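Input: a single structure, listed below in structure tokens.
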Amino acid sequence: MLKLESSGIKNDRNINIEMTISHADGYALTAIPMAACLLQYLDGEINQPGLWYQALVVEPTRFITDIQRLGATVNVQHTELD
């Protein structure tokens, strides 16, 4: 399982976001994000020359959607703080 815990301000409100990405097979969990990135590269969405970190070059909404489509479980929780 991969877990993201973040906090910030959205629409002048403090929020926390927690996202988990999981799969029963650890090898699949390693390969699925790579395949999701490769899908964007092959269809031309990623067209920047040079060497980039995966997280900085993919379109994030599509990336998460593709990860789910490829079999990983994605859970996102938003919490607004007072």
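Read-outs throughout are calculated quantities, based only on the coordinates presented, and are distinct from any laboratory measurement. Keep in mind the model is a prediction, meaning the values are calculated, not measured. Using ideal geometry, Cβ is built from the backbone for each residue, glycine included, and neighbour counts are taken over all protein chains shown.
See the values below:
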{"item": "Leading residue by the ranking (farthest from THR79 (Cα to Cα)) among those in the range 11-48 that are among the small types (Gly, Ala, Ser) and more than 12 Å from the chain's Cα centre (by Cα)", "result": "GLY44"}
{"item": "Any pair with Cβ under 7 angstrom, 6 or more apart, that starts in the range 46-62 at a residue that is surrounded by fewer than 10 Cβ atoms within 10 Å (Cβ to Cβ) and ends at one that is assigned to a helix (DSSP H, G or I) and not polar (S, T, N, Q)", "result": "GLN48/VAL57"}
{"item": "Those residues of the range 12-30 which are surrounded by 13 or more Cβ atoms within 10 Å (Cβ to Cβ) and more than 13 Å from LEU2 (Cα to Cα), in sequence order", "result": "ILE15, ASN16, ILE17"}
{"item": "Residue, farthest from GLN68 (Cα to Cα), within the range 36-57, restricted to residues that are part of a helix (DSSP H, G or I), in contact with a helix residue (DSSP H, G or I) (Cβ under 8 Å, 6 or more places away or on another chain) and among the aliphatic types (A, V, I, L, M)", "result": "VAL57"}
{"item": "Residue list for the range 1-11, filter: of a type outside the set (Asp, Glu) and either assigned to a strand (DSSP E or B) or surrounded by fewer than 10 Cβ atoms within 10 Å (Cβ to Cβ) (or both)", "result": "LEU2, LYS3, LEU4, SER6, SER7, GLY8, ILE9, LYS10, ASN11"}
{"item": "ASN75 in a strand (DSSP E or B) and under 16 Å from the mean Cα position of the chain (by Cα)", "result": "yes"}
